[in-house]
Each structure stands twice: as C-alpha cells, then as structure tokens.
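Accompanying notes for the structure given below.
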Amino acid sequence: MSVTKPAGFVAAGVHCGVKADPAAFDLALVATDDAVAVTAAAVFTSNRAPAAPVEVSRAHLAATGGRAAAVVLNSGNANAATGSTGREHSERTCALVAETLGCAPEEVLVCSTGLIGIPLPIDAVVSGVEPLARARAADAASAEAAARAILTTDTVAKQVVVGRPGFAIGGMAKGAAMLAPNMATMLAVLTTDAVLGPADLSAALSIAVEHSFNDLTVDGATSTNDTVMVLCSGRGSAPSGTVFRDALSEACASLATQMADDAEGATKVVTVRVVGAASNDDAARGARKVAESQLVKCSLYGADPYWGRIVSELGSAGITFDPDLVSVAYGGIAVCSGGLAAAHDAVALAVHMAGRRVEIVADLGLGSGEASLLTNDLTPGYIDENMRTS
C-alpha cells in the first residue's frame, strides 16, 4: 500500500486509450474516500513554459485556499505546449471527475505526463473517468494500479509508506528522465492522515521537496509538468512540525532515490557530495556542475575514476575555488589530494567503480559549506531512449 495507507484515501488506475497498448494503464485517481475536500499543497515546475495541468492545478488550489478532494493523472501525453485548448481539456477532465465523485470542479487537481506538443486525446480521457471512479478503493491493489498508471519510460512503479505514531504518509511517483532541480519529468502524489493546516502543510512540503526531488539531477532538463502534491485527511494525530517535516522528507527522499535508480539507461546511481566549500550555495552549485557534466557521466559509465574532470568542472562552476586545496575521493578512496594525484588502492577503487552505487566526494578545503546531489551515468541506453520522440 502507498497512497491508500493513510486513513481516508482511495485510489485507482485504468487504461483509457491515451497509450496505444491496451494492457498499459494510463489514467489514475487519488481521492478522499468521501469526496470531501481536505487540506492540500503542491510544488510545481519552475519551467516558464508550464503545461496546462500545472496552470489549472495552481488556479484550483488558489481558488479553494489550499483544499482538494481528488487528483486525476494521465500518462502518455503531457498536455504541454497545447495552448488554450490544452487548458480547456484539463478543466474538462477536472469537471468530469468532480461530477462523478460529487465534489466541486475546483476541488479536483490534474496532472499529465508524456509527449510534449501533441494534443491530449481528450475523448480517451473522458471515456476513462467513469470506469476510473468505479474502480477506486482503499486497498493495496488499487494503490499499485494508480502508481502504474502514471508511468511513462519508467520500468517500475515507485511507492513509499512512512509511518509515525498517530499518522502515516503514503506516496507514489513517476520519473526516469528530464529530472533536474527544480524539480526533478516527474509527478508525485502523497497522502497523509496527520492533522495539519494549509500553511504548515505547504511549508513542510517545500522543505521536503528541497531536500529530495531538488537534490536529484539525471540530465539537467527541467520538465514542463513537474508536480508534487500532498493531501491531508486529518484523521490521525496532530504531530509537531518537526516530526511531520522529517517524515515527509523521508518519504520524498525515498521516491527521489527510486527515480534515480530507474533513470533511463542508467547503470549507476551516483551521489555527488561537495564539502569544505566557502558556502552551502557554492557547494550546491559545484555539486550540480559535476553531476550534470557529460564528461563526468561518461566516465562513470566506463567505471573510470577520472578525477581531473571533476576538478575541471568545479573550477568552472563560478564558485570560490583553489586548485591547490581540492581533494577528490570515490567511495572513500582518495584519488586526488591538494590538487594532485594521490596514491591509492587501485583494486578497491575498481570494485567501487564497478558497483551499482558510486559516491564522489570533493573537498574544496575552504570552509564548512556542503551539499549533495543524486545523479546517474550517461549510457547508450539513455541516447537510444531520447534520440527520437518517445
């Protein structure tokens, strides 16, 4: 169970025809079990070409003062770069779901993911709303169906449950490429039965996103559709702000890690840490420069600990940097110290580089600033997936 684990939520996933494969689910629903709107919050893409569902969901949350009864999501088509017609299609989807469930249209949020610039096949979505609503339930199979229905190039569903005394958090997400701060193409819907007001929920979500999805970069591409939403039924206990924030951050971090592990064509999940920077901001900028470097990512695919590429990227990141102070280590094995090659255990290093998970730590030797990012290697599989419309 994931989004249906917290009390008060149901979910469903069906095939409606957005995707050609009749066995592929492409329409999902997460809703309150009584269709009553509850506290909700969301973080959306920073892309200045936001998709129609992003614009509509933003407007609906503003109109309700941060409340929602349902989220409807389709995969296979992003409904992005589709102009006023795209917005009309998103609004129509919300209205149909609202009519079927028995809530107000503005109490329904909408998400889409898939191909950009291609009109949403609205007739397919319309045909799927009633079967979707009929299928909704609070069991694990329904949560799994919803999680499967939002996948595009993902190979596995991504779900999480985090429990704390008196409340739980459940979540589902999709994302395998076009992942970059801010945010990482991704959608995530989380639910909780904790008791929280709109301001506290929104603040907690912003913090959780900053230290999870915004610490993930697969290819440096920020999507038009990126959305993270959380609905709060209030049927559990009222945790302290710190307890809830930590739990929500844990849930989001798990989903972000699952996305990194399923990145298109990836053979490695890589943690890039920059420490000893003049500031946290410098560390974050340096880590992102390394994590998004095509040369570094190619080295990772080849299991080659070519630290010179890392030093070069840090030196060009526009941060405070002294090449005579920098050190670089892979998996705790230092290969560069004081800007020069360091003697090391080549066998142990080769074992680490050949593994699925690789850690790079660059110490700038300048201060206490630090930051980390999750990324992947660059492989022929990624190119095969993205060299054509897909």
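At a glance:
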item: Residue check for residue 277: at pLDDT 95 or above, open to solvent by less than 30 Å² (accessible area, probe 1.4 Å) and small (Gly, Ala, Ser); result: yes
item: Index of the failed condition, residue 74 passing every other in (1) within 27 Å of residue 169 (Cβ to Cβ); (2) in contact with a Pro (Cβ under 9 Å, 6 or more places away or on another chain); (3) part of a helix (DSSP H, G or I); result: (3)
item: Sole residue being open to solvent by 10 Å² or more (accessible area, probe 1.4 Å) and at negative phi, chosen from 9, 44; result: 44
item: Some residue of the stretch 255-271 being acidic (Asp, Glu), modelled with pLDDT under 95 and surrounded by fewer than 19 Cβ atoms within 10 Å (Cβ to Cβ); result: yes
item: Only listed residue being more than 26 Å from the chain's Cα centre (by Cα), open to solvent by less than 30 Å² (accessible area, probe 1.4 Å) and of a type outside the set (D, E, K, R), chosen from 373, 364, 340; result: 364
item: Residue within the stretch 83-96 that is in contact with a helix residue (DSSP H, G or I) (Cβ under 6 Å, 6 or more places away or on another chain) and part of a loop (DSSP other than H, G, I, E, B) present; result: no
item: Restricting the stretch 155-173 to residues that are touching a Lys or Arg at 6+ places or on another chain (Cβ under 7 Å) and surrounded by fewer than 24 Cβ atoms within 10 Å (Cβ to Cβ), the residue that is farthest from residue 213 (Cα to Cα); result: 168
item: Residue 346 being open to solvent by less than 30 Å² (accessible area, probe 1.4 Å) and out of contact with any Pro (no Cβ under 7 Å at 6 or more places or on another chain); result: no
item: Any chance residue 354 is at pLDDT 95 or above, under 28 Å from the mean Cα position of the chain (by Cα), open to solvent by 70 Å² or more (accessible area, probe 1.4 Å) and not polar (S, T, N, Q); result: yes
item: Of all residues making up the stretch 75-107, the number that are open to solvent by less than 10 Å² (accessible area, probe 1.4 Å) and under 21 Å from the mean Cα position of the chain (by Cα); result: 5
item: Subset of the stretch 12-35 (residues that are open to solvent by 50 Å² or more (accessible area, probe 1.4 Å) and touching a helix residue (DSSP H, G or I) at 6+ places or on another chain (Cβ under 9 Å)); result: 15, 25
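The values are calculated or read from the model by the stated rules, or taken from the named source; none is laboratory data. Just so it is clear, the structure is predicted and the values come from calculations on it, not from any experiment. Neighbour counts run over all protein chains shown; Cβ positions are idealised from the backbone, glycine included. Side chains are part of the model used for accessible areas, which takes the heavy atoms of the whole protein and leaves out ligands, DNA and RNA. Shrake-Rupley method; radii C 1.70, N 1.55, O 1.52, S 1.80 Å.
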